[in-house]
Amino acid sequence: MIERVISSVLDENSYIAEIEGTVYVVDPGKGAAEFIKKRYGNEEVFVLLTHCHSDHLIDLPELKIKAIYMHPEEKIVFETPELNFVSYFGLDQSQLSKLKKFLTDEPGEHWKVLHTPGHTPGSCCYLLRNRYLFTGDTLFERAIGRTDLPGGDPKKMENSLRLLKSFLVNNPELVILPGHGSSTTSASILKENPFLNF
Ligand SMILES: [Zn+2]
Ligand SMILES: [Zn+2]
């Protein structure tokens with residue numbers, strides 16, 4: 001089961017899933033740590049970041065971390081306050097810089113990583129067990145992520161949307177879980193999202 005915590009900061013979605021005894025959290029925004037603590041106590045969690053804008057990782061310093069995964073091209077965003085906007089929501093870069101346990105290999109087993117740059121250089125989508133696709137700020141129910149922030153790239157976004165569209169067409173049964181807003185399905189997003197209409 002995948003549970004969603006909607007952050008009080010920018011309505012960001014954090015997703016929490018327990019799979020075979022491991023607790024995974026995709027994008028721990030505000031409220032994720034409290035939820036995890038209540039539900040799982042002091043359990044160490046596996047963190048997957050779709051990208052490193054601060055609304056998606058505000059609660060990272062509060063978690064007991066087993067490992068953190070982000071796409072290698074997102075490291076620069078994680079490390080640069082002008083790119084991740086840490087200070088906007090009361091975080092400090094030093095709180096991020098002291099974190100350890102980064103995975104260099106992809107999370108493996110249940111997860112597949114799709115690199116979808118455009119919103120940020122290392123934005124990615126995570127496919128869980130060929131059924132759930134976490135799209136971060138790349139793809140929303142009826143919109144896409146902005147490309148005008150530092151690190152954004154409209155050309156790369158265009159390519160990423162091409163890749164995602166063909167992926168969705170080939171996998172019509174997916175549940176799409178975006179970084180903001182409601183969840184949807186492949187079939188529905190292909191119909192409803194004007195940015196996939198090409
Ligand atoms: Zn973002
Ligand atoms: Zn966001």
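Return yes when G118 is within 18 Å of the chain's Cα centre (by Cα), under 24 Å from N171 (Cβ atoms), in a loop (DSSP other than H, G, I, E, B) and not acidic (D, E) and no when it is not.
Values: within 18 Å of the chain's Cα centre (by Cα): yes; under 24 Å from N171 (Cβ atoms): yes; in a loop (DSSP other than H, G, I, E, B): yes; not acidic (D, E): yes.
Here the answer is yes, as G118 does meet what is asked.
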Exercise. Only one of (1) surrounded by fewer than 22 Cβ atoms within 10 Å (Cβ to Cβ); (2) touching a residue at least 12 places away in the same chain (Cβ under 8 Å); (3) in a loop (DSSP other than H, G, I, E, B) fails for D105. Which number is that?
Worked result: (2)
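Listed here are the residues, each with its yes/no results for (1) surrounded by 14 or more Cβ atoms within 10 Å (Cβ to Cβ); (2) in a helix (DSSP H, G or I); (3) at pLDDT 95 or above; (4) under 13 Å from the mean Cα position of the chain (by Cα).
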{"residue": "G122", "(1), (2), (3), (4)": "yes, no, yes, yes"}
{"residue": "C125", "(1), (2), (3), (4)": "yes, no, yes, yes"}
{"residue": "P150", "(1), (2), (3), (4)": "no, no, yes, no"}
{"residue": "K155", "(1), (2), (3), (4)": "no, yes, yes, no"}
{"residue": "S160", "(1), (2), (3), (4)": "yes, yes, yes, no"}
{"residue": "F167", "(1), (2), (3), (4)": "yes, yes, yes, no"}
{"residue": "I176", "(1), (2), (3), (4)": "yes, no, yes, yes"}
{"residue": "I189", "(1), (2), (3), (4)": "yes, yes, yes, no"}
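Considering only residues that are crowded, with 24+ Cβ neighbours inside 10 Å and at negative phi, which ones fall in region 16-47? Steps first, answer last, please.
Applying the first criterion (crowded, with 24+ Cβ neighbours inside 10 Å) to region 16-47 yields 25-29, 32, 36, 47.
Within region 16-47, V25, V26, P28, G29, A32, I36, V47 qualify.
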For this session: Sort out which residues of region 26-75 are within 16 Å of ligand 1 (Cβ to nearest atom), farther than 21 Å from S8 by Cα and in contact (Cβ under 8 Å) with a residue 60 or more places away in the chain, and write them in order of number.
Result: none
For this session: Could you run through region 128-157 and say how many residues are among the aromatic types (F, W, Y), touching a Leu at 6+ places or on another chain (Cβ under 9 Å) and within 15 Å of ligand 1 (Cβ to nearest atom)?
Result: 1
Exercise. Name the residues in region 44-59 that are touching a helix residue (DSSP H, G or I) at 6+ places or on another chain (Cβ under 7 Å) and part of a helix (DSSP H, G or I), would you?
Worked result: S54, D55
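The values are calculated or read from the model by the stated rules, or taken from the named source; none is laboratory data. Quick caveat: nothing in here was measured; it's all calculated off a predicted structure. Ideal geometry is used to build each Cβ from the backbone, glycine not excepted, and the neighbour counts take in all protein chains shown.
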